[in-house]
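**Student:** Sending over a structure as structure tokens; questions will come in a sec.
The values are calculated or read from the model by the stated rules, or taken from the named source; none is laboratory data. None of these values were measured; they are calculated from a predicted model. Virtual Cβ from ideal backbone geometry, glycine too; neighbours counted across all protein chains shown. Ligands, DNA and RNA are excluded from the accessible area calculation, which covers all protein heavy atoms including side chains. Shrake-Rupley method; radii C 1.70, N 1.55, O 1.52, S 1.80 Å.
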Amino acid sequence: MRYRTSLAIPLVTALLAPALGLADTVILSAIKDNTLYEPVLQDAFALMSDGIGPTMFAGKVKDAKNQANQVAVRRALLEFDIAGNVPAGASIDSVQLTLTCDKVGQNTNFEVRLHRALAEWGEGTSDTGNSRQGRGEPATPGDATWQHTIYPSQLWTNLGGDYATTASGTKPVGPVGNYVWGSSSGLVADVQTWLDAPSQNHGWVIVADESVIQTTKRFATRENATIASRPKLVVNYTPATVTGACCDGSSCSLTAPGACGGVYQGDGSSCSPNPCFVATGACCANDASCTEASQATCEGGGGIYQGDSTTCSATECPLVLTKYLDPLPIPPVATPTSGTPGGTATYDFAIKESKATLHSELPQTTVWGFDDGTHGAGFLGPTIEARTGQPVTVNWINDLRVFETQQLRTSHYLDVDTCVPDAVNDARVVFHLHGGHVPAAVDGYPESTIPPGPTPVPYLYPNNQQAGFLWYHDHALGMTRLNVYMGLAGLYYMRDSVEDALNLPTGSNELPLILQDRRFNPDGSFRYPAEWEDHVFGDKILVNGRVWPYLEVAKGKYRFRIVNGSTSRVYTLALLPPSGVLTFTVIGNELGLLPAPVNGVSELTIAPGERYDVVVNFAGLATNDTVLLQNSAGAPFPTGPVDLSDVMQFRVTAAAGDTDPLPAALRPVVPLDPGSAVATRDFLLKRSGLDDCGRQQWLIDGLGWHDITEHVALGTTEIWRFINDSGTSHPMHMHLVAFQVLDRDGFTTGPGGEIVPNGSPQLPPAEERGWKDTALVGPNEILRVIARFEDYMGNYPYHCHILEHEDNEMMRQFVVPEPAAISMLASGAVLVALLARRRARRASH
Ligand code: C2O
Ligand code: CU
Ligand code: CU
């Protein structure tokens, strides 16, 4: 239906219909008219017509000349040119046909009906003039007759004309006068049809009452001398304005060009199909849900647009958590089962799976941690306070149970990638005291894992070392990254009387900051890739097991024991006060204090496994000042993007803090003499080798964990050169020993693959000139460290502390053999073979 109903148009129809302009009216004159005369036998002129005559007839007559009272029917034909006068696309609103009746058989009202003609007919030159109108004139070529649509060759299907059975309009006509066939749906439909399909426009057949005689009415034709009497068709219509598709973002509507608030697609353009292409992409909501939307829609709804053409299936939407909402938790000091904390003591540490809140907006996370029997298990473990010379025993128990069922675990919580060498999908663990100078039997040898079960494994730590900042963590071969990710780490402070005497900030002014990054699923669970990846970075930073915490600080000094417990992430830390400058004073490295405080350290780079002992003085800040601990390290370090810059916030309270001065001297660090080194070993760090899934591994000298080639004589000093022939940094860690960083140098690789140092080694910065167990070697850099191998024998790991590298398979072992074994080796074939292998390897570099 093209015509418009005038009222109560449903909104949808209104929107979908072409836009319409202002209503208009045309008054049309007929383009053709004629009369069909039913032949009468006696009539000599059976085929009558009245093409250009001034009148036309409708009705049944009694032929005046026919004495037998034979009757005949007259029907008029009338056509208007609609399509030529009403614009295409218009909607016909109403029509009125006015005919002037100028002669009647009798004044009685008879119905005169308009029927749509179904065939094209003609108007010739026959002309009754003012005579014989009742009987017509002989048809001329082109005329319509009772038989012909167009005389003499074309015929009606039905004698007397073909027309629609149902009348489109009806009007009683009585005496002479003007008669209007007012708008009816039939007439409107006829005119609309003729407008839309001009070839179907054959006008109307005008039929009067033919049921009785003498119903005849005579009407003026278009040729009538009285112009006012000629047939006239008034057509009221509403024109279609020019419209086109209008794009507002990706939504399309049809508008006139001037009415388009967006981008007009051109006259006649359509919204189906929608031409308004707007790039869409994945849109992440704060709750980590993903939708695909345009950038405008996404950002309008508070989402984070991931870029054009990104898809939800390929997008991992992060949970958005409010920063600095939760206070920094401080791990409790572990309670021993016997002895005293800070002295000789025995601890029972059960590893348990539990649910922990790692941010108050985050659902609880399934975590692993250590339960000392007093504090319960959570994420990470309690802090062991130990003292030089006072041994500590920890009974490690692997009590990992599936939280929901409390059944001992037979598989890992996270996906285990078994292409990583020696990785097994179970819940094996082993405990390593990182920084501990301990016998090999309690070092947490990566193969000495213990499965979930009731039997405690006692490790006796002799604490035969000076005050330092140790930490314990899992070390299971091929699975360390997964176990640590779940939470298997904790702190171990070694203290002694030298340090005690220095009056460093203590108690609530001495706090650990355990830096870790993690990724979460929307349900709060940890998200770690199922397949091994070179580096794994979280999108949230946790300090002491809380995402983006804050710490209220008094106006004074704090001693922060910072450990990077992340798997891959290196941090370059800086303090951002509201105004002015705030720096770190570095007082110690992993395994002891520096000779003197290093003041004014504005940036402190700390790699996985490294620790820094720092003092920060908030005394100069105002109450309510906030200080941001900020990270500016690229991930991976150093060339990757800085993807996570906020770490935590300090809020300065009105309270007065520790304002005692720091001592000018801390603890002498006697440099190890390179001249005393009995050996220099080179370790080439390079991506090489393939794991069981054909992925490149990180190897040291092209060898892995099971290739044992390094034998170090007990009681000797050695220099180890870590040569980083890769594009990323590696924090290299040695078990058993405390080392000193000698220097770092660049190098070039000769044509035969030989390493040629630049010869301009740089001393480590002052804040790194203490006792360390982990040190960073940058891309294309040679790191030289020096260490003494004392007290204990056996197999000890050395490795990159990026846990993803360590697991696959940037970890090897050195052996400090029994003295007897050394002489045996020295004389035996084993050593010969090993040396040959090593030479061969070197040669191939
Ligand atoms: Cu902190 Cu062998 O590791
Ligand atoms: Cu270690
Ligand atoms: Cu590495």
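**Student:** Among bridges DSSP assigns within the stretch 310-432, what percent are antiparallel (round to 5)?
**Tutor:** 55
**Student:** Going by a ≥ b ≥ c, the root eigenvalues of the Cα gyration tensor, does the stretch 674-758 fall in the rounded group (a/c under 1.5), the prolate group (a/b larger than b/c) or the oblate group?
**Tutor:** Cα axes put the stretch 674-758 in the oblate bin.
**Student:** Follow-up question, since we're still on this one. Work out how much length T157 to V180 would gain on full extension: take 0.36 nm times their residue separation and subtract the Cα-Cα distance, in nm to one decimal.
**Tutor:** Values: separation 23, 0.36 × 23 = 8.28 nm, distance 3.00 nm.
This chain segment gains 5.3 nm when fully extended.
**Student:** OK, next. Could you sort 757-770, 419-432 so that the peptide with the highest average Cβ count within 10 Å comes first and the rest follow in order? Write out the running numbers ahead of the final one.
**Tutor:** Working: 757-770: 15.4, 419-432: 21.6.
Most protected by this proxy first, the peptides run 419-432, 757-770.
**Student:** May I ask you to evaluate 6.51 cos²θ - 1.76 cosθ + 1.60, the Karplus curve with θ = phi - 60°, for each residue of the stretch 150-167 and list the ³J(HN,Hα) values in order in whole Hz, giving x for glycine and proline?
**Tutor:** Going residue by residue, I get 9, 6, x, 9, 10, 10, 5, 5, 10, 4, x, x, 9, 8, 4, 4, 8, 6 Hz, with x marking Gly and Pro.
**Student:** How much of the accessible area of the stretch 122-263, in percent, comes from carbon and sulfur atoms when a 1.4 Å probe is used?
**Tutor:** Ligands and nucleic acids excluded, carbon and sulfur reach 52 percent.
**Student:** So, with a 1.4 angstrom probe, what is the percent of accessible area on the stretch 726-822 that is carbon and sulfur?
**Tutor:** Answer for the stretch 726-822 is 55 percent, counting heavy atoms of protein chains only.
**Student:** To one decimal place, what orientation-averaged projected area in nm² is obtained for the convex hull of the Cα set of the stretch 334-402?
**Tutor:** It is 4.8 nm².
**Student:** Another one. Compute the distance from the alpha-carbon center of the stretch 595-627 to that of the stretch 484-542, in whole Å.
**Tutor:** Distance between centres, Cα-based: 17 Å.
**Student:** Right, something else. Output the DSSP H helices from the chain with an along-axis C-alpha extent of no less than 18 Å and a mean Kyte-Doolittle hydropathy no less than -1.0. Each step should come with its number before you reach the end.
**Tutor:** Details: long enough: 829-844 (22 Å, 0.34).
The answer, listed by residue number, is 829-844.
**Student:** Using a/c under 1.5 as the rounded threshold, could you call the stretch 623-698 rounded, prolate or oblate? The axes a ≥ b ≥ c are square roots of the C-alpha gyration tensor eigenvalues, and prolate needs a/b larger than b/c, oblate otherwise.
**Tutor:** oblate
**Student:** Tell me, how many Å apart are the Cα centres for the stretch 330-370 and for the stretch 707-740?
**Tutor:** So the separation of the two Cα centres works out to 32 Å.
**Student:** Divide, for the chain, the radius of gyration over alpha carbons by 2.2 N^0.38 Å, where N is the residue count.
**Tutor:** Scaled against compact globular proteins, the figure is 1.76.
**Student:** Further, regarding this structure: Quick one: accessible area per residue over the stretch 681-738, 1.4 Å probe, rounded to a whole number of Å²?
**Tutor:** Numbers: 1610 Å² over 58 residues.
Ligands and nucleic acids excluded, the result is 28 Å² per residue.
**Student:** Relative contact order (percent) for the chain, with alpha-carbon contacts under 8 angstrom and 6 or more residues of separation?
**Tutor:** The value is 9 percent.
**Student:** Between A679 and E447, take the C-beta separation as r, use R0 = 25 Å, and let me know the FRET efficiency to the nearest 0.05. Intermediate results must be reported in sequence, preceding the final value.
**Tutor:** Numbers: r = 26 Å, r/R0 = 1.04.
The computed FRET efficiency comes out at 0.45.
**Student:** Using the Karplus equation 6.51 cos²θ - 1.76 cosθ + 1.60 (θ = phi - 60°), what ³J(HN,Hα) coupling, rounded to whole Hz, does each residue of the stretch 208-214 give in order, writing x for Gly and Pro?
**Tutor:** Couplings: 9, 4, 10, 7, 9, 9, 6 Hz.
**Student:** Can you check how the C-alpha radius of gyration of the stretch 158-275 compares to 2.2 N^0.38 Å, as a plain ratio?
**Tutor:** Dividing the Cα Rg of the stretch 158-275 by 2.2 N^0.38 Å gives 1.67.
**Student:** Using Cα pairs closer than 8 Å and at least 6 residues apart in sequence, work out the relative contact order for the stretch 563-613, in percent.
**Tutor:** 49
**Student:** Related question: For the pair Q407 and I330, what calculated FRET efficiency results from E = 1/(1 + (r/R0)^6), where r is the Cβ-Cβ distance and R0 = 45 Å, to the nearest 0.05? List each step's numbers first, then the result.
**Tutor:** On the way: r = 33 Å, r/R0 = 0.73.
Efficiency, from the Cβ-Cβ distance: 0.85.
**Student:** Right, another one. What is the Cα convex hull volume of the stretch 681-818 when expressed per residue in Å³?
**Tutor:** Roughly 111 Å³ of hull volume per residue.
**Student:** Here's a follow-up. Subtracting the Cα-Cα distance from 0.36 nm times the residue separation, let me have the gained length for S309 to D643 in nm, one decimal.
**Tutor:** Using 0.36 nm per residue and subtracting the Cα-Cα distance, I get 118.1 nm.
**Student:** Could you give me the ³J(HN,Hα) list for the stretch 795-802, computed from phi with Karplus coefficients 6.51, -1.76, 1.60 and θ = phi - 60°, whole Hz, x at Gly and Pro?
**Tutor:** 9, 10, x, 9, 6, 7, 8, 6
**Student:** In Å and whole numbers, how far do the C-alpha atoms of the stretch 588-641 stretch along each principal axis, longest first?
**Tutor:** Its Cα atoms span 37, 31, 16 Å along the three principal axes.
**Student:** Same structure, new question: Report the gain in length on full extension from V581 to E299: 0.36 nm times residue separation, minus Cα-Cα distance, nm rounded to one decimal. Show your work: numbers first, answer last.
**Tutor:** Details: separation 282, 0.36 × 282 = 101.52 nm, distance 3.60 nm.
The V581-E299 span can extend by a further 97.9 nm.
**Student:** Enumerate the amide H contacts of R401 below 5 Å, restricted to partners 5 or more residues apart or on another chain; note that Pro and chain-start residues carry no placed amide H.
**Tutor:** Counting only residues 5 or more places away or on other chains, the set is E353, R409.
**Student:** Roughly speaking, to the nearest percent, how much of the stretch 614-661's 1.4 Å accessible area is carbon and sulfur?
**Tutor:** Taking all protein chains in place, the stretch 614-661 shows 51 percent carbon and sulfur surface.
**Student:** If I take R0 = 30 Å and measure r between the Cβ atoms of T340 and A656 in this structure, what FRET efficiency does the formula 1/(1 + (r/R0)^6) give, to the nearest 0.05?
**Tutor:** E between T340 and A656, to the nearest 0.05, is 0.45.
**Student:** Which whole-number value in Å² is the accessible area per residue of the stretch 286-340, probe 1.4 Å?
**Tutor:** 54
**Student:** Now, a different point. Taking a ≥ b ≥ c as the square roots of the eigenvalues of the Cα gyration tensor of the stretch 48-207, is the shape rounded (a/c under 1.5), prolate (a/b larger than b/c) or oblate?
**Tutor:** Oblate.
**Student:** Give me the one-decimal nm value for the distance between modelled label points at N109 and S602, 7 Å along each residue's Cα-to-Cβ direction.
**Tutor:** 10.5
**Student:** If you count the DSSP beta bridges with both ends in the chain, what percent of them are antiparallel, to the nearest 5?
**Tutor:** 85
**Student:** Just the accessible area per residue of the stretch 414-459, please: how many Å² with a 1.4 Å probe?
**Tutor:** So the stretch 414-459 comes to 34 Å² accessible per residue, rounded to a whole number.
**Student:** Right, another one. Check T567: other-chain or 5+ apart residues with amide H under 5 Å from its amide H, H built from backbone geometry?
**Tutor:** Under 5 Å from the amide H of T567: D517.
**Student:** Now, a different point. In the P(r) worked out for the stretch 436-528, what percent of Cα pairs fall beyond 23 Å? Mind dumping the intermediate values first?
**Tutor:** Details: 1872 of 4278 pairs.
Pairs farther apart than 23 Å: 44 percent.
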